[in-house]
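Down below is the structure, laid out as structure tokens.
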Amino acid sequence: MGHHGRLADESHIATAGSSTLVLLRDDITLQNTDAIVNAANSGLLGGGGVDGAIHRAGGPEILRQCREIRAGSGRCPPGAAVITGGGNLPARFVIHAVGPVWHGGSANEREILRKTYDACLTLALSNDIRSLSFPSISTGAYRFPAEEAARIAFVTVRQRIEPLSEPMEIRFIVFSEYDEQIYRQLFAEYSSQTN
Ligand code: AR6
């Protein structure tokens with residue numbers, strides 16, 4: 001549990017069905033969840049931001065598996081995700097998810113972002129992953145407005161895990177104080193509805 005003791009208040013923890021949602025301001029590569037999600041691109045061969053950090057911390061085995069997937073299935077379209085091992089990371093798996101590039105909002109970006117989170121959860125459930133850490137997909141290099149992206153992330157995850165009977169832990173990992181405020185607000189709103 002290590003990392004989230006300091007944040008264990010109502011605005012950083014929420015319950016959805018038998019599962020727990022956690023908000024953490026931290027580095028995603030340090031998370032000891034079964035899997036972490038990478039904010040990847042369609043090429044699947046690395047990049048900057050979260051992607052760069054994951055490949056640096058996880059070592060060459062992750063890239064090797066990504067190359068194998070590329071060779072077998074080609075590029076990964078926005079809204080989809082693939083899974084590899086975690087290499088040297090504490091997490092056993094990395095789910096490489098491709099979010100939409102923000103083009104102003106009329107290119108179906110919101111629906112594609114929703115599909116991206118959904119694809120991660122589908123892969124998690126089919127690989128027996130019970131704990132999963134998400135970064136704020138598309139809100140860095142891909143320029144998706146952070147507030148709207150957070151709401152889509154939060155609602156999509158909640159709706160998908162609420163009906164599950166087996167408990168899961170989902171962490172939303174943010175890097176900036178600004179992003180933390182956005183998620184904190186969502187957690188607080190949601191907790192006040194359900195209590
Ligand atoms: N841990 C947690 N969050 C982080 C970390 C980290 N180590 N590093 C950055 N963030 P981005 P995107 C935050 O750009 O917008 C890459 O080049 C960051 O502050 O990583 O989906 C890929 O190869 C921001 O809030 O992902 C793609 O080409 C969020 O993570 C492209 O960028 C996402 O920023 C994907 O862009």
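Readers should treat all values here as calculations from the given coordinates under stated rules, not as data from a laboratory. Here the structure is a predicted model, which is why all the values come from computation and not from measurement. All Cβ positions, glycine included, derive from the backbone under ideal geometry; neighbour counts span all protein chains shown.
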In terms of the charge dipole of the chain, which places +1 on Lys and Arg and -1 on Asp and Glu at the beta carbon, the residue among I36, G52, Q65 farthest towards the positive end is Q65
For the chain, what is the mean residue ellipticity at 222 nm derived from helices alone (per DSSP H run of n ≥ 4: -39500 (n - 2.57); sum divided by total residues; nearest 500 deg cm²/dmol)?
-13000 deg cm²/dmol
Figure the gain on full extension for D128 and N108 (residue separation times 0.36 nm, minus the Cα-Cα span) and round it to one decimal in nm.
4.1 nm
So what's the angle, to the nearest 10 degrees on a 0 to 90 scale, between helix 177-194 and the longest Cα principal axis of the chain?
50
With label points built 7 Å along Cα→Cβ from the Cα atoms of V101 and A71, find their separation and express it in nm.
2.8
Dimensions (Å) - the chain, Cα atoms, principal axes, largest first:
49, 39, 31
With the 8 Å Cα cutoff and a minimum separation of six or more residues, the chain has a relative contact order in percent of 31
